[in-house]
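**Q** A single structure is presented below for examination.
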Amino acid sequence: MANTQQQQDMANAIRALAMDAVQLANSGHPGAPMGMADMAVALWGQHLKHNPSQPQWLDRDRFVLSNGHGSMLIYALLHLTGYPLPIEELKNFRKLHSKTAGHPEVGITPGVETTTGPLGQGITNAVGFALAEKLLAKEFNRDGHAVVDHHTYVFMGDGCLMEGISHEAAALAGAWKLGKLIALYDDNGISIDGQVAPWFIDNTAQRFQAYGWNVIGPVDGHDVDAVSQAIAQAKGQNAAPTLIICKTAIGKGSPNRANTSKAHGEPLGAEEIALTREALGWPHAPFEIPADVYAAWDAKARGAAAEAEWNTRFAAYQAAHPALAAELLRRMAGELPKNFAQVAVDAAIAAHTKAETVASRKASQLALEAFTAALPELLGGSADLTGSNLTNTKSTPNLRFDAAGDVVQTAAADGQLVGGRHINYGVREFGMAAIMNGLALHGGFIPYGGTFLTFSDYSRNAIRMAALMKQRVIHVFTHDSIGLGEDGPTHQSIEHAASLRLIPNLDVWRPADTAETTIAWAVALENKNRPTALLLSRQNLPYSPKKDLGEISRGAYILSEPADIGIKRKPQGVIIATGSEVQLALAAQKLLAEKKVYVRVVSMPSTTTFDRQTLAYKKSVLPAGLPRVAVEMGSTDGWWKYGVAAVVGIDTYGESAPAPVLFKHFGFTAENVTDTVLVALGKAKKK
């Protein structure tokens with residue numbers, strides 16, 4: 001253990017790097033890193049199991065900086081402990097293409113486990129990390145072979161606790177008894193607007209005790225030994241997650257800015273930095289770290305030894321349980337089983353052959369029956385709407401924990417004991433989405449979760465974060481339109497499909513039948529680097545006859561030509577439709593033919609996927625010179641980019657009434673689609 005002076009020097013190195021980088025960038029948050037520096041010495045210097053030379057080592061501890069605005073804390077730590085993050089990158093803090101962005105970004109900076117900044121989501125991701133560790137340990141560890149055995153640590157501040165998502169996450173962490181989750185709360189009492197006392201009066205200790213957490217403190221967050229002892233105490237029990245309350249001073253060391261909001265989100269200024277260096281007894285130039293401080297922080301040898309010890313244990317595990325070891329490595333690598341392509345083909349052909357008339361939410365469940373049986377990494381769930389979202393299958397019993405916190409196992413069809421694979425998240429859409437991000441980031445699972453499409457608004461920022469972080473997370477959104485009927489405009493989605501399609505790197509699918517739904521699922525599972533939103537109907541949808549399934553995965557395809565309804569004529573126009581409206585397009589095609597007007601019907605279940613196709617393919621589906629009309633029960637704005645002459649859509653809120661009444665009221669009838677096409681083709685006058 002380092003002596004007191006060495007501990008102070010290690011902490012002051014963080015403080016100096018934080019204030020120097022923020023000053024050079026003329027942007028950033030120096031106060032939080034300066035205040036949490038001693039906490040970091042305790043955790044990173046004495047407890048964290050990690051290897052700077054192998055940032056992705058399987059059994060490393062996970063560290064999450066939930067208050068991501070204090071990003072210079074983690075950048076300083078990564079640099080000092082030996083990660084491939086040279087001092088030049090700290091000098092490039094917040095500059096274009098640097099590895100030190102304004103907030104930590106996974107995949108950009110080695111050692112960063114999740115992208116944080118939107119407060120509250122980091123601690124929620126951490127709940128996902130800890131849940132993944134617990135479930136994988138139960139599934140893969142064997143007597144004498146604990147190959148999954150690590151902790152998840154979180155630093156978080158007042159802002160994270162004020163965000164409502166922290167309530168959702170902490171309550172679930174307590175219910176799941178995630179004993180290897182340890183959160184250190186930087187209790188400095190300051191936010192951007194000043195002292196938080198007038199607006200943040202929670203008794204945080206009692207709040208977390210009520211969740212079922214183990215609470216330690218308050219402890220002096222600037223006493224390294226006290227913080228270290230609290231962490232050791234937390235590690236000594238596995239019955240519940242632990243909150244360590246650390247009382248700190250934001251901007252610690254700054255004579256005039258410490259304990260004020262001026263230390264929060266702006267540079268200290270050259271004069272104050274000079275005074276701070278003097279107050280800390282840190283005489284070194286900007287970005288200059290003495291060799292003995294580097295040596296005290298260097299974690300490469302300790303990390304290599306820890307990983308080597310684990311490698312030895314894993315080799316013994318491989319020898320004793322080769323199939324389990326191979327499966328664990330496959331899942332942690334995020335690779336699908338070798339037979340997945342055949343599973344997907346078989347499922348799609350089965351859907352096509354049966355040609356069932358079911359709601360697409362039911363079609364989703366039918367596809368999931370095949371995929372969850374073949375993919376043990378599929379971990380499902382619902383935000384208290386399982387019976388509506390239909391996210392459960394025969395292969396996914398409910399996840400439950402016994403009084404001791406152990407995963408309850410049940411006998412599978414083959415007699416093997418298995419843990420639950422379907423999570424009851426409760427009414428916590430945002431928490432569910434961010435926990436799924438953590439599960440995906442940890443590795444070993446492909447998470448999916450369900451709610452109504454209109455409630456995607458609750459989880460939207462976590463969906464955006466999954467897209468930003470390129471994580472394979474699948475959102476099952478049912479009740480996708482006014483077709484849900486009597487629940488009315490509070491539940492009827494209008495703008496949601498269009499708004500989700502605006503999120504970069506998010507695939508959005510609105511399938512029309514069982515085959516399209518099955519293929520949408522297959523594509524989502526193959527999308528290793530992007531999340532997917534499946535928008536599914538409550539009402540039954542007839543199967544749309546199709547010649548083959550080959551082009552569905554491209555997002556749009558020619559579903560029906562005039563020849564497919566017995567007319568040997570070239571199309572004069574194109575109707576583009578999605579989801580439940582494909583049946584309207586097909587009906588309108590026949591009505592138009594009776595009027596000697598012949599059109600192609602294009603089913604476009606995924607605009608986002610179609611938009612990535614080659615120009616040649618796009619032109620083959622939507623030829624130049626053919627007028628186009630789009631049909632979708634939702635906002636019309638997104639359709640104009642396809643050069644449509646008209647859109648049969650809905651730009652108002654819905655109404656409460658039976659679905660057939662609403663369809664007629666809002667013009668979602670074959671007759672109205674027919675009339676709209678006739679006007680677009682100049683065959684009739686606009687009414």
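**Q** For region 317-331, check the following and say yes or no: at least one residue is farther than 30 Å from residue 479 by Cβ, touching a strand residue (DSSP E or B) at 6+ places or on another chain (Cβ under 7 Å), open to solvent by less than 50 Å² (accessible area, probe 1.4 Å) and part of a helix (DSSP H, G or I). Talk me through it step by step, then tell me what you get.
**A** Looking only at region 317-331, we keep the residues that are farther than 30 Å from residue 479 by Cβ, and these are 317-331.
After this cut, where a residue has to be touching a strand residue (DSSP E or B) at 6+ places or on another chain (Cβ under 7 Å) as well, the list is 317, 320-321.
Now drop any that are not open to solvent by less than 50 Å² (accessible area, probe 1.4 Å), which leaves 317.
With part of a helix (DSSP H, G or I) added as a condition, the list becomes 317.
The answer is yes; a qualifying residue exists.
Table: residues versus (1) within 16 Å of residue 604 (Cα to Cα); (2) without any contact (Cβ under 8 Å) to a residue 40 or more places away in the chain.
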position: 461; (1), (2): no, no
position: 471; (1), (2): no, no
position: 483; (1), (2): no, no
position: 495; (1), (2): no, no
position: 498; (1), (2): yes, no
position: 504; (1), (2): no, yes
position: 510; (1), (2): yes, no
position: 525; (1), (2): no, no
position: 534; (1), (2): yes, no
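**Q** Right, another one. Which of the following residues is open to solvent by less than 60 Å² (accessible area, probe 1.4 Å) and at positive phi: 287, 371?
**A** Numbers: 371 fails: at positive phi.
One residue alone meets the criteria, 287.
**Q** If you don't mind, there's one more thing I want to ask. Tell me which residues, restricted to region 658-687, are surrounded by fewer than 15 Cβ atoms within 10 Å (Cβ to Cβ) and either among the hydrophobic types (A, V, I, L, M, F, W, C) or modelled with pLDDT under 95 (or both).
**A** Residues satisfying the conditions are 661, 682, 685, 686, 687.
Let's see how each residue does on (1) open to solvent by 40 Å² or more (accessible area, probe 1.4 Å); (2) β-branched (Val, Ile, Thr); (3) over 22 Å from residue 88 (Cβ atoms):
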{"site": "256", "(1), (2), (3)": "yes, no, yes"}
{"site": "275", "(1), (2), (3)": "yes, no, yes"}
{"site": "282", "(1), (2), (3)": "no, no, no"}
{"site": "300", "(1), (2), (3)": "yes, no, no"}
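**Q** Pick from 109, 114, 124: which is more than 19 Å from residue 446 (Cα to Cα) and open to solvent by less than 20 Å² (accessible area, probe 1.4 Å)? Even if it seems obvious, please write down each step before you answer.
**A** Values: 114 fails: more than 19 Å from residue 446 (Cα to Cα); 124 fails: more than 19 Å from residue 446 (Cα to Cα).
Criteria check complete, one pass: 109.
One line per residue, one yes/no per condition, for (1) touching a Pro at 6+ places or on another chain (Cβ under 6 Å); (2) assigned to a helix (DSSP H, G or I); (3) more than 30 Å from residue 240 (Cβ to Cβ):
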site	(1), (2), (3)
413	no, no, yes
441	no, yes, no
454	no, yes, yes
461	yes, yes, no
464	no, yes, yes
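**Q** Being open to solvent by less than 10 Å² (accessible area, probe 1.4 Å) and touching a residue at least 40 places away in the same chain (Cβ under 8 Å) is the filter here, so list the residues in region 561-591 that pass it.
**A** Matches in region 561-591: 573, 574, 575, 576, 577, 578, 579, 580, 581, 582, 585, 588.
**Q** Can you list the strands (runs of 3 or more DSSP E) found entirely within region 139-232 that contain at least 1 residues being under 29 Å from residue 327 (Cα atoms) and open to solvent by less than 50 Å² (accessible area, probe 1.4 Å)? Explain how you work it out, then say what you get.
**A** Numbers: elements: 152-157, 181-187, 214-220.
Qualifying strands (runs of 3 or more DSSP E): 152-157, 181-187.
**Q** Would you be able to tell me the number of residues in region 592-637 that are open to solvent by 40 Å² or more (accessible area, probe 1.4 Å) and part of a helix (DSSP H, G or I)?
**A** Count: 7.
**Q** With the requirement that a residue be of a type in the set (Ser, Thr, Tyr) and either out of contact with any helix residue (DSSP H, G or I) (no Cβ under 6 Å at 6 or more places or on another chain) or part of a strand (DSSP E or B) (or both), what does region 519-576 give you? Please lay out each step first, then the result.
**A** Keep residues of region 519-576 that are of a type in the set (Ser, Thr, Tyr), which gives 532, 537, 543-544, 553, 557, 560.
Of everything in region 519-576, those that are of a type in the set (Ser, Thr, Tyr) and either out of contact with any helix residue (DSSP H, G or I) (no Cβ under 6 Å at 6 or more places or on another chain) or part of a strand (DSSP E or B) (or both) turn out to be 532, 543, 557, 560.
**Q** What are the residues in region 401-411 that are exposed (fewer than 14 other Cβ atoms within 10 Å of the Cβ), under 27 Å from residue 451 (Cα atoms) and not hydroxyl-bearing (Ser, Thr, Tyr), if any?
**A** If the condition is that a residue be exposed (fewer than 14 other Cβ atoms within 10 Å of the Cβ), under 27 Å from residue 451 (Cα atoms) and not hydroxyl-bearing (Ser, Thr, Tyr), then 402 is the only one that fits.
**Q** In addition: Looking at residue 547 and the list (1) touching a strand residue (DSSP E or B) at 6+ places or on another chain (Cβ under 8 Å); (2) surrounded by fewer than 21 Cβ atoms within 10 Å (Cβ to Cβ), which single condition is not satisfied?
**A** Going through the list (1) touching a strand residue (DSSP E or B) at 6+ places or on another chain (Cβ under 8 Å); (2) surrounded by fewer than 21 Cβ atoms within 10 Å (Cβ to Cβ), residue 547 breaks only (1).
**Q** Give region 84-124 a look and list any residue that's outside any loop (DSSP other than H, G, I, E, B) and within 20 Å of the chain's Cα centre (by Cα), or say none. Spell out the reasoning first.
**A** Of all residues in region 84-124, those outside any loop (DSSP other than H, G, I, E, B) come to 87-91, 121-124.
Those that are outside any loop (DSSP other than H, G, I, E, B) and within 20 Å of the chain's Cα centre (by Cα): 121, 122, 123, 124.
**Q** Only residues that are more than 30 Å from the chain's Cα centre (by Cα) and closer than 16 Å to residue 144 by Cβ: list them for region 292-332, please.
**A** 309, 312, 313, 315, 316, 317, 318, 319, 320, 321, 322
**Q** Please specify each residue of region 416-439 satisfying the condition of being open to solvent by less than 50 Å² (accessible area, probe 1.4 Å) and assigned to a loop (DSSP other than H, G, I, E, B).
**A** Across region 416-439, the qualifying residues are 420, 421, 425, 426.
The values are calculated or read from the model by the stated rules, or taken from the named source; none is laboratory data. Just so it is clear, the model here is predicted, and its values are computed rather than measured. Glycine gets a Cβ as well: all are built from the backbone with ideal geometry, and neighbour counts include every protein chain shown. Keep in mind that these areas ignore ligands, DNA and RNA; they rest on the heavy atoms of the full protein, side chains included. Shrake-Rupley method; radii C 1.70, N 1.55, O 1.52, S 1.80 Å.
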